Ligand SMILES: Cc1cc2nc3c(=O)[nH]c(=O)nc-3n(C[C@H](O)[C@H](O)[C@H](O)COP(=O)(O)O)c2cc1C
């Protein structure tokens with residue numbers, strides 16, 4: 001895809017085909033993370049690529065902040081968990097940069113995947129302790145987000161349609177509401 005097409009067409013995907021992700025695409029996704037910018041180039045992120053179907057199912061069933069909200073990830077061929085070691089990033093202006101570092105890297109990964117037709121969905125509604133428990137993540141490491149990755153189903157599931165409607169996923173603010181020039185003038 002052209003770069004602008006990647007940005008314009010990207011959307012969250014919550015229903016997946018039973019189709020593996022080729023190793024070369026996975027490698028490109030990893031490389032996109034590796035080359036990401038970070039606070040003082042400290043590269044505090046750590047990514048867990050979960051391919052084991054039993055572990056994916058466990059995450060689908062037990063990782064949700066509320067009940068089984070993440071159940072839809074069960075069909076994805078892989079789930080990637082974005083972690084960070086806050087001690088390996090830094091603070092400035094009272095802002096914790098491990099979150100910024102990891103978010104940039106994860107988004108680079110998601111866009112790289114999308115460029116090859118692979119969908120994902122950033123997940124924040126998880127129970128961090130449960131995710132730690134399932135994946136043996138130590139307590140000093142933060143789980144920033146995770147996402148299923150896979151080829152999108154053509155026909156969206158009812159769940160996916162419902163989430164998109166509730167989240168009003170297609171709606172975006174007018175540019176004037178989010179950008180101003182020279183001085184704060186909102
Ligand atoms: C920080 C963040 C947290 C999110 N958490 C969830 C989540 O827990 N569950 C979910 O289904 N989608 C989640 N999303 C996806 C958003 O609902 C989605 O990006 C938004 O509705 C816009 O839709 P689009 O990504 O299709 O453009 C999250 C997105 C972001 C960036």
May I ask you to list pairs of residues, at least six apart or on different chains, whose Cβ atoms are under 7 Å apart, with the first in the stretch 124-140 being in contact (Cβ under 8 Å) with a residue 40 or more places away in the chain and the second being away from the ligand (no atom under 16 Å from the Cβ) and in a loop (DSSP other than H, G, I, E, B)? 131/137; 140/85
The stretch 129-178, residues that are closer than 18 Å to residue 107 by Cα and touching a strand residue (DSSP E or B) at 6+ places or on another chain (Cβ under 7 Å): 142, 143, 144, 145, 146, 147, 148, 149, 150, 151, 152
Selection from the stretch 117-151 of residues within 12 Å of the ligand (Cβ to nearest atom), under 15 Å from residue 11 (Cα atoms) and surrounded by fewer than 19 Cβ atoms within 10 Å (Cβ to Cβ) yields 122
Just the residues that are farther than 26 Å from residue 6 by Cβ and either within 14 Å of the ligand (Cβ to nearest atom) or buried (at least 20 other Cβ atoms within 10 Å of the Cβ) (or both), please, taken from the stretch 75-95. 89
Any residue that is under 13 Å from residue 102 (Cα atoms) and not in a loop (DSSP other than H, G, I, E, B) - is there at least one of those in the stretch 53-71? no
What helices (runs of 4 or more DSSP H), lying completely within the stretch 112-186, carry at least 2 residues that are closer than 21 Å to residue 59 by Cα? 128-135, 158-167
Which one of the conditions (1) away from the ligand (no atom under 11 Å from the Cβ); (2) farther than 17 Å from residue 76 by Cα; (3) surrounded by fewer than 10 Cβ atoms within 10 Å (Cβ to Cβ) does residue 161 fail to meet, given that it meets all the rest? (3)
Within the stretch 96-116, how many residues turn out to be out of contact with any strand residue (DSSP E or B) (no Cβ under 8 Å at 6 or more places or on another chain) and either away from the ligand (no atom under 13 Å from the Cβ) or free of Cβ contacts under 8 Å to residues at least 60 places away in the same chain (or both)? 6
Which condition number does residue 155 fail, the rest of (1) at pLDDT 95 or above; (2) away from the ligand (no atom under 16 Å from the Cβ) being met? (1)
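The values are calculated or read from the model by the stated rules, or taken from the named source; none is laboratory data. These numbers come from a predicted model, not from an experiment. Glycine also receives a Cβ, built like all others from the backbone with ideal geometry; neighbour counts cover every protein chain displayed.
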